[in-house]
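Student: Let me give you the structure first, and then I'll get to my questions.
The values are calculated or read from the model by the stated rules, or taken from the named source; none is laboratory data. None of these values were measured; they are calculated from a predicted model. Glycine also receives a Cβ, built like all others from the backbone with ideal geometry; neighbour counts cover every protein chain displayed. We work out accessible area using only protein heavy atoms, side chains counted, and drop any ligands, DNA or RNA first. Shrake-Rupley method; radii C 1.70, N 1.55, O 1.52, S 1.80 Å.
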Amino acid sequence: QVQLVESGGGLVQPGGSLRLSCVASGRLFSLVAVGWYRQAPGKQRELVARIIGGGITTYADSVKGRFIISRDNAKNTVYLQMNSLQPEDTAVYYCNYAPPVDAYWGQGTQVIVSS
(Lines give C-alpha, C1' and ligand atoms only; values in the text may rest on other atoms or scores of the structure.)
Protein backbone atom coordinates (compact mmCIF):
# COMPACT_ATOMS: atom_id res chain seq x y z
CA GLN A 1 0.00 0.00 0.00
CA VAL A 2 1.42 3.36 -1.03
CA GLN A 3 1.16 6.29 1.34
CA LEU A 4 1.96 9.85 0.36
CA VAL A 5 2.44 12.42 3.12
CA GLU A 6 2.62 16.11 2.31
CA SER A 7 4.15 18.80 4.51
CA GLY A 8 5.60 22.29 4.38
CA GLY A 9 2.54 24.45 3.93
CA GLY A 10 1.77 27.55 5.92
CA LEU A 11 0.94 31.21 5.84
CA VAL A 12 3.15 33.40 3.69
CA GLN A 13 3.00 36.96 2.44
CA PRO A 14 2.64 37.73 -1.28
CA GLY A 15 6.02 37.45 -2.95
CA GLY A 16 7.23 34.91 -0.43
CA SER A 17 8.39 31.32 -0.86
CA LEU A 18 7.61 27.91 0.55
CA ARG A 19 8.95 24.43 -0.09
CA LEU A 20 6.54 21.53 0.08
CA SER A 21 7.64 17.94 0.62
CA CYS A 22 5.94 14.69 -0.31
CA VAL A 23 7.33 11.56 1.31
CA ALA A 24 6.22 8.26 -0.16
CA SER A 25 6.27 4.67 0.91
CA GLY A 26 6.83 2.04 -1.71
CA ARG A 27 9.97 0.68 -3.31
CA LEU A 28 9.12 1.69 -6.88
CA PHE A 29 8.35 5.34 -6.16
CA SER A 30 11.38 6.56 -8.06
CA LEU A 31 10.09 4.96 -11.25
CA VAL A 32 6.70 6.63 -11.42
CA ALA A 33 5.54 10.04 -12.53
CA VAL A 34 4.48 12.18 -9.58
CA GLY A 35 2.47 15.35 -9.55
CA TRP A 36 1.69 18.19 -7.21
CA TYR A 37 -1.96 19.15 -7.30
CA ARG A 38 -3.90 21.91 -5.59
CA GLN A 39 -7.49 22.64 -4.75
CA ALA A 40 -8.61 26.14 -3.94
CA PRO A 41 -11.91 26.80 -2.15
CA GLY A 42 -14.81 26.32 -4.53
CA LYS A 43 -12.59 25.08 -7.35
CA GLN A 44 -11.67 21.73 -8.81
CA ARG A 45 -8.39 20.09 -8.03
CA GLU A 46 -5.76 20.88 -10.64
CA LEU A 47 -2.33 19.57 -11.56
CA VAL A 48 0.31 22.26 -11.11
CA ALA A 49 3.56 20.36 -11.65
CA ARG A 50 4.67 16.91 -12.68
CA ILE A 51 7.97 15.06 -12.72
CA ILE A 52 8.52 11.78 -14.50
CA GLY A 53 11.02 9.07 -13.68
CA GLY A 54 13.68 10.54 -15.94
CA GLY A 55 13.46 13.94 -14.28
CA ILE A 56 11.53 15.70 -17.01
CA THR A 57 9.17 18.29 -15.56
CA THR A 58 6.02 20.01 -16.74
CA TYR A 59 4.09 22.90 -15.19
CA ALA A 60 0.72 24.54 -15.41
CA ASP A 61 0.90 27.91 -17.11
CA SER A 62 -0.21 29.62 -13.92
CA VAL A 63 2.94 28.52 -12.03
CA LYS A 64 5.51 28.27 -14.80
CA GLY A 65 8.63 30.21 -13.91
CA ARG A 66 7.68 30.40 -10.23
CA PHE A 67 7.40 26.78 -9.05
CA ILE A 68 10.03 24.05 -9.32
CA ILE A 69 9.31 20.36 -8.82
CA SER A 70 12.18 18.03 -7.96
CA ARG A 71 12.72 14.62 -6.45
CA ASP A 72 15.25 12.86 -4.24
CA ASN A 73 14.85 9.18 -5.04
CA ALA A 74 17.14 8.15 -2.19
CA LYS A 75 14.68 9.75 0.22
CA ASN A 76 11.53 8.75 -1.68
CA THR A 77 10.62 12.43 -1.63
CA VAL A 78 9.27 14.89 -4.16
CA TYR A 79 9.53 18.62 -3.49
CA LEU A 80 7.71 21.68 -4.76
CA GLN A 81 9.64 24.92 -4.40
CA MET A 82 7.17 27.77 -4.68
CA ASN A 83 8.49 31.26 -5.27
CA SER A 84 6.81 34.62 -5.87
CA LEU A 85 3.65 33.33 -4.24
CA GLN A 86 0.44 35.19 -4.92
CA PRO A 87 -2.95 35.13 -3.20
CA GLU A 88 -4.32 33.03 -6.05
CA ASP A 89 -1.90 30.28 -5.05
CA THR A 90 -3.87 29.79 -1.84
CA ALA A 91 -5.06 26.18 -1.81
CA VAL A 92 -4.58 22.78 -0.27
CA TYR A 93 -1.66 21.13 -2.03
CA TYR A 94 -1.51 17.38 -2.59
CA CYS A 95 0.91 15.00 -4.19
CA ASN A 96 -0.09 11.88 -6.05
CA TYR A 97 0.95 9.83 -8.99
CA ALA A 98 0.43 11.42 -12.40
CA PRO A 99 -2.17 10.51 -13.47
CA PRO A 100 -3.49 10.29 -9.91
CA VAL A 101 -4.62 7.17 -8.12
CA ASP A 102 -7.77 7.76 -6.09
CA ALA A 103 -6.62 5.59 -3.20
CA TYR A 104 -3.41 7.57 -2.76
CA TRP A 105 -4.84 11.01 -1.97
CA GLY A 106 -3.56 12.19 1.39
CA GLN A 107 -4.58 15.03 3.67
CA GLY A 108 -2.64 17.61 1.73
CA THR A 109 -0.91 20.67 3.12
CA GLN A 110 -2.56 24.07 3.34
CA VAL A 111 -0.90 27.08 1.71
CA ILE A 112 -2.29 30.52 2.46
CA VAL A 113 -0.87 33.55 0.72
CA SER A 114 -2.03 36.71 2.41
CA SER A 115 -0.72 39.98 3.77
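Student: Any chance you could look up the accessible area of residue 77 with a 1.4 Å probe, heavy atoms only, rounded to 10 Å²?
Tutor: Its heavy atoms expose roughly 10 Å² to the probe.
Student: Treating only the Cβ atoms of Lys and Arg (+1) and Asp and Glu (-1) as charged, compute the dipole magnitude of the chain about its Cα centre; round to the nearest 20 debye.
Tutor: 180 debye
Student: Once the piece of chain linking residue 101 and residue 44 is laid out straight, how much longer is it, given 0.36 nm per residue of separation minus the C-alpha distance between them?
Tutor: Gain on stretching residue 101 to residue 44: 18.9 nm.
Student: Long-range amide H contacts for residue 60: which residues qualify at under 5 Å (H placed 1.01 Å from N, peptide plane, sequence gap of 5 or more or a different chain)?
Tutor: It is 49, by chain and number.
Student: Now for a separate question. From a point 7 Å beyond the Cα of residue 60 in the direction of its Cβ, which residues of the stretch 32-47 have a backbone N at a distance under 18 Å?
Tutor: 34-47
Student: Calculate what fraction, in whole %, of the accessible area of the chain sits on carbon and sulfur atoms when a 1.4 Å probe is rolled over the protein chains.
Tutor: 50 percent
Student: Taking springs between alpha-carbon atoms closer than 10 angstrom, which of 31, 18, 85 fluctuates most in the Gaussian network model of the chain?
Tutor: The residue that fluctuates most here is 31.
Student: I'd like the FRET efficiency for residue 30 and residue 114, computed as 1/(1 + (r/R0)^6) with the beta carbon distance as r and R0 of 35 Å, rounded to 0.05.
Tutor: With R0 = 35 Å, the Cβ-Cβ based efficiency is 0.45.
Student: A further question follows. Using the charge dipole of the chain (Lys, Arg: +1 at Cβ; Asp, Glu: -1 at Cβ; taken about the Cα centre), state which of 78, 37, 105 has its Cα farthest towards the positive end.
Tutor: 78
Student: Between 74, 24, 49, which gets the highest mean-square fluctuation from a Gaussian network model of the chain, Cα cutoff 10 Å?
Tutor: 74
Student: Might you tell me the accessible area per residue for the chain, computed with a 1.4 Å probe and given in Å²?
Tutor: 53 Å²
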